[in-house]
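Accompanying notes for the structure given below.
The values are calculated or read from the model by the stated rules, or taken from the named source; none is laboratory data. Remember, predicted model here, so these are calculated numbers, not experimental data. FYI the Cβ positions are ideal-geometry reconstructions off the backbone, even for glycines, and counts take in every protein chain you see.
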Amino acid sequence: MPLYRRIPKLKHFPLVNRQQFTVVNVGALAGLTANTEVSLASLMDAGIVTTDDGPLKILGGGDLSVPLTVHAAAFTATARSKIEAAGGSCELIG
């Protein structure tokens, strides 16, 4: 294998244009009231998120039984299925 293909696999080579996200698990959203609009600003007001590290990404850890309208930059497949199974909706923001 040529050297130029081996080098990026070694340690201490950062990814170029790496995207940083503010991540929240679905289980953290379970305490919100039904039919709430969820965004990064509303999560910071509620105290669920304390710092703004970048766009919001919803992960699938935990359970959700409340229908919510979630506005985020990215969703995992399990998070999207759990939100929609609870009767909520997922909207991507650009």
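Values as computed for the structure displayed
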read-out: Selection status of Ala34, modelled with pLDDT under 95, touching a Pro at 6+ places or on another chain (Cβ under 6 Å) and either of a type in the set (Ser, Thr, Tyr) or farther than 14 Å from Val23 by Cα (or both); value: yes
read-out: Of residues in segment 35-53 being among the hydroxyl-bearing types (Ser, Thr, Tyr) and surrounded by 14 or more Cβ atoms within 10 Å (Cβ to Cβ), the one farthest from Glu91 (Cα to Cα); value: Ser42
read-out: Residue match in segment 14-21 (condition: surrounded by 13 or more Cβ atoms within 10 Å (Cβ to Cβ) and touching a strand residue (DSSP E or B) at 6+ places or on another chain (Cβ under 9 Å)); value: yes
read-out: Options Leu10, Leu68, Leu32, Leu56: the member that is over 21 Å from Ile83 (Cβ atoms) and either surrounded by 14 or more Cβ atoms within 10 Å (Cβ to Cβ) or out of contact with any Ser or Thr (no Cβ under 7 Å at 6 or more places or on another chain) (or both); value: Leu10
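A quick yes/no check of all residues on (1) in contact with a Lys or Arg (Cβ under 7 Å, 6 or more places away or on another chain); (2) modelled with pLDDT of 90 or more; (3) at negative phi:
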{"site": "Leu10", "(1), (2), (3)": "no, no, yes"}
{"site": "Val16", "(1), (2), (3)": "no, no, yes"}
{"site": "Asp52", "(1), (2), (3)": "no, no, yes"}
{"site": "Leu56", "(1), (2), (3)": "no, yes, yes"}
{"site": "Val66", "(1), (2), (3)": "no, yes, yes"}
{"site": "Glu84", "(1), (2), (3)": "no, yes, yes"}
{"site": "Gly87", "(1), (2), (3)": "no, yes, no"}
